[in-house]
Amino acid sequence: MGILSVPVERHTLGNGLRIVLSRDPSVPVVAVNLWYGVGSRNEAPGRTGFAHLFEHMMFQGSEHVPKNKHFELVERAGGTLNASTWFDRTNYFETVPSHHLELALWLESDRMGWMLPAMDQEKLDNQRDVVKNEKRQRYDNQPYGDWDERLQRLVYPERHPYHHTVIGSMEDLDAASLDDVASFFRTFYVPNNAVLTVAGDFDATRIIDTIGRYFGDIPAGAPPPPIPGESDLSPLIGETVRDHVVSDVPLPRVIMAFRIPPYSSDDFAVAEVARAVLGMGRASRLYRSLVRERRVAKDVVSYAFPLLTGASMMLVWATGYPGASPATLETALSEELEGLATADGHEVERAVAVAETDLVRGLEQVGERADLLSMFDLYFDEPQRLNREVDRLRAVAVEDVRLFAANRLGPDNRAVLVYEPESSR
Amino acid sequence: MTRVDRSRPPAPSAIRPFDFPDVDHRELGGGLDLRVARTGGFPVVSANLFVRAGESSLDEARAGLAVVAGDALEGGTKRRSGTELAESLERLGARLGVSTGWEGTTVSLSCLAERLDEAMGILAEAILEPEFPDDEVARTRDQQLAQIRQRAMDPSSLAADRAAHHIFAPGVPYARPLGGSLASVERLVREDLAEYAAAWYRPATSGMVVVGDVDVAEVEALVRARLGGWSGRPPAREEFEVVPATRERRVWVVDRPGSVQSEIRVGHVGVERSNPDVYALSVLNTLLGGAFTSRLNLNLRERNGFTYGVRSRFSLRSRPGSFQVSTAVAGDVTAPAVREILGELERLVEEGPIDDEVVAARDYIAGVFPLRLESTGQVASRIVEQVVFGLPEDYHRTYRDRIRSVTTDEALEVGRRHVRPYEAQVVVVGAAEVVAPALEQLAVGPVEVVSVG
């Protein structure tokens with residue numbers, strides 16, 4: 001048996017809503033977590049950023065819940081809540097003291113079934129302003145804030161659904177109307193395009209009945225339409241593509257990204273381990289070499305995005321010291337990527353051990369557990385996969401990592417984004 | 001299946017009791033305060049070691065020394081290089097983090113429970129036998145210098161640092177950035193760190209907190225084995241008075257040409273952690289700006305669409321920290337946003353909160369309490385807080401009752417005592433060209449444009 005044994009129970013309501021239950025009464029807290037199968041990849045051309053704006057509208061009330069009441073009721077109950085939009089999905093979640101479970105179910109079901117009657121132009125205009133401020137705060141007014149936009153353009157071709165960012169274009173948002181809200185809702189916010197997970201402290205004998213009472217009479221919708229654009233793409237970029245930005249950033253930074261197999265591929269575990277060997281922890285390759293031994297980088301980062309459509313993306317980055325040349329950083333990163341092709345078994349063991357602890361620690365909170373269960377159900381129709389995550393990483397052999405480095409991280413599959421401080425010119 | 005009445009929120013079911021986990025508390029030889037809490041669930045454990053070696057004990061010329069010394073602990077020991085230290089821990093899947101604040105340095109370890117003994121041995125080695133090799137010291141120092149440069153160009157960090165500068169009088173440690181200045185950090189060398197660690201990393205006022213699926217006696221035995229020989233007492237901390245920079249309301253525009261947004265901070269000197277008013281202040285701050293449905297957020301975000309979010313908070317430290325409202329807004333609504341913030345503060349202390357808001361805030365704080373105690377790391381942090389501030393033994397057990405007993409009158413009373421809109425310093429990091437004229441017109445105080453960098 002693996003190190004994890006999170007209980008998992010599955011049901012499906014008549015309207016197609018998928019339900020995952022995971023009981024743990026150790027603390028009187030329960031998480032309600034909904035994943036809808038819609039994200040920025042579903043946005044039509046000229047409508048970028050809409051999935052995220054729509055997420056904001058989901059907090060503007062529904063037929064039986066006035067504006068701001070959603071937040072107010074959950075906060076009064078002593079709960080926390082939020083939502084997020086990403087490429088392949090949008091999630092909504094509350095964690096509440098367990099005696100307020102029904103409140104969360106009532107709120108989530110009301111906006112799944114009865115959102116539109118509460119929509120009006122004033123709310124749309126207000127949330128459009130809020131989103132524009134979110135973009136200013138998180139992207140436009142931030143040093144390096146446009147890195148993901150630039151990287152996505154380099155890694156994915158124009159017609160690919162990941163070519164544009166989740167936050168999208170503000171011009172596109174200006175064009176969004178209440179009709180768009182209504183049609184998006186009817187197209188994607190249907191019970192047969194969602195997974196509901198309840199994790200934590202609940203009454204096992206009553207939970208399914210309770211969920212059925214709140215969600216059961218929401219009508220099913222048509223299956224969502226296919227993803228716009230061209231999802232298929234070559235597994236490699238085919239060359240080294242570049243973007244060199246001179247701007248008011250404090251320090252030079254080089255970001256290198258690679259197309260990698262999609263999250264659904266068995267090979268994705270190899271990418272996860274490879275990225276941990278490279279940049280997870282202080283004994284990782286990049287930290288040891290670039291930060292500690294050669295002292296060319298102030299910090300290093302590595303990440304493998306769990307994306308579904310066509311190809312996913314892995315990246316490494318290094319931030320240099322004042323006055324450092326970006327070329328030095330790029331060379332150093334390249335050398336470590338090449339070195340990965342001769343990685344040894346100890347490096348892989350260390351990487352897996354660290355990734356394992358991080359995974360288990362993440363699961364201590366019911367909200368986190370619920371979120372992963374929803375994801376595995378929505379993406380892979382298999383929430384039980386959570387209990388095998390550690391085994392999946394442990395199964396990666398050093399030869400797999402070497403081969404991955406040789407096949408996927410070379411100059412024929414690189415996007416290089418360089419930030420150079422204005423002042424150093 | 002019965003149909004559900006959608007017209008009103010469902011009633012809560014029976015509440016299940018929750019208590020803070022039992023904490024076993026004992027003092028080891030050398031004065032180390034050991035606290036162990038047993039929690040069930042996942043097979044992970046968190047061990048946090050707090051040493052009373054904080055930035056507030058340093059004078060301005062040495063600012064940043066505690067932070068850099070803490071960070072340089074990962075540079076290696078008498079027996080292991082930095083890389084060997086990291087490898088020994090990470091092969092066990094253990095994670096070690098060091099964070100230094102005004103009060104002290106916390107070394108936090110997390111690992112699977114079965115590997116605690118070995119990981120604890122490495123933690124002990126790091127704190128008892130740090131080597132501070134020259135190249136690692138140079139690296140840590142250079143990283144901190146780069147960090148300081150990054151803060152100066154990051155609008156939000158810059159606003160925080162400038163707000164502290166304008167709120168506290170010169171010479172008060174809290175007036176400066178926690179991590180020191182280029183001038184104070186540049187000159188740090190190995191001897192500074194080694195002497196600092198030898199003097200300040202001592203057990204007498206330190207605490208070790210272990211939380212997880214562990215046996216209390218076993219933990220005590222292994223901590224004794226690893227840290228039993230540690231002895232000594234750090235120097236007494238220098239007491240300092242916290243004095244405001246001014247009692248006149250002023251507006252400081254930190255010019256950042258071309259900014260598409262203004263970072264706004266509005267604040268003044270607040271209260272110390274041990275102040276008996278903190279319970280009522282928590283309630284008051286929650287309804288003002290501590291939650292999503294607080295007055296400030298409903299006004300600036302949900303009514304006016306000025307911002308993605310706005311918060312207020314009292315920074316609770318051993319001496320009075322700041323009270324601050326913080327937000328980021330589009331340049332052209334900077335003045336209206338400042339007007340609304342000051343208006344909300346004035347309304348709060350003039351009219352006071354209403355009963356319903358107080359009840360909602362109390363319920364929120366008391367209700368989220370268990371939500372923030374799910375993981376071993378969260379529980380450990382709360383217990384460390386007790387050690388740091390000398391909070392009473394029953395602090396966590398009585399916390400929610402104390403919050404629930406705050407009345408509307410008390411909330412108003414502490415608000416009038418500790419929220420002073422007419423003494424607030426307004427700091428705006430943004431494009432002066434755009435925001436300064438409008439702030440002049442607002443006439444809430446003299447406006448001064450400063451350039452930084």
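Things to note:
- Chain A: angle of helix A:268-279 to the longest principal axis, Cα-based, in degrees nearest 10: 50 degrees
- Dividing the summed helix terms, -39500 (n - 2.57) for each DSSP H run of n ≥ 4, by the number of residues in the protein assembly as shown produces a 222 nm estimate of -11500 deg cm²/dmol to the nearest 500.
- Loop-located trypsin sites (Lys or Arg not before Pro) in the stretch B:188-286, at most 13 other Cβ atoms within 10 Å (DSSP): B:ARG247
- Three-way shape label, the protein assembly as shown, alpha-carbon gyration tensor, a/c 1.5: rounded
- Antiparallel bridge percentage (DSSP; both residues within chain A; nearest 5): 75 percent
- As a ratio to 2.2 N^0.38 Å, the alpha-carbon radius of gyration computed for the stretch B:23-227 takes the value 1.08.
- Taking every residue in B:296-303 and counting other chain Cβ atoms within 10 Å of its Cβ, the average works out to 3.
- Whether the stretch A:9-215 is rounded, prolate or oblate, judged on the alpha carbon gyration tensor where a/c under 1.5 counts as rounded: prolate
- Counting beta carbons within 10 Å around each of A:HIS56, A:HIS11, A:HIS100 and listing the fewest first gives the order A:HIS11, A:HIS56, A:HIS100.
- Nonlocal amide H pairs with A:ARG23, under 5 Å, H built at 1.01 Å: A:GLY200
- Whichever aspartates and glutamates have a C-alpha closer than 12 Å to that of A:LYS298, once near sequence neighbours (fewer than 8 apart) are set aside: B:ASP142
- Debye log10 I(q)/I(0) at q = 0.10, 0.18 Å⁻¹ for the stretch A:240-424, Cα point scatterers: -0.42, -1.18
- Degrees separating the helix B:134-153 axis from the principal Cα axis of chain B, which is the longest one: 10 degrees
- Rounded to 10°, Cα long-axis angle of helix B:376-389 versus longest principal axis of chain B: 80 degrees
- In order along the stretch B:414-419, the Karplus-derived 3J(HN,Hα) couplings, from 6.51 cos²θ - 1.76 cosθ + 1.60 at θ = phi - 60°, round to 5, x, 5, 6, 10, 10 Hz, and Gly and Pro are given as x.
- 3J(HN,Hα) along the stretch A:156-168: 10, x, 4, 8, 7, x, 9, 5, 10, 7, 5, 5, x Hz, from the Karplus curve 6.51 cos²θ - 1.76 cosθ + 1.60 with θ = phi - 60°, whole Hz, x for Gly and Pro.
- Based on the reciprocal of the average 1/r between different C-alpha atoms, the Kirkwood radius for chain A equals 23.0 Å.
- For the stretch B:351-393 versus the stretch B:242-310, the inter-centroid distance based on Cα atoms is 20 Å.
- Using the Karplus relation 6.51 cos²θ - 1.76 cosθ + 1.60 with θ = phi - 60°, the per-residue 3J(HN,Hα) values for the stretch B:331-336 come to x, 6, 10, 4, 5, x Hz, with x marking Gly and Pro.
- Other residues within the sphere of radius under 9 Å centred on the Cβ of B:GLU125, judged by their own Cβ, net out at +3 (K and R +1, D and E -1).
- Listed peptides B:333-341, A:164-172, A:90-98 by packing density, highest first (mean Cβ within 10 Å): A:90-98, B:333-341, A:164-172
- Take each residue in B:91-99, count the other chain C-beta atoms within 10 Å of its C-beta, and the mean is 4.
Read the figures in this text as sums done on the coordinates, not as results from a lab. Please read all numbers here as calculations on a predicted model, not as lab measurements. So basically every Cβ, Gly included, is an ideal-geometry build from the backbone, and we count neighbours across all protein chains shown.
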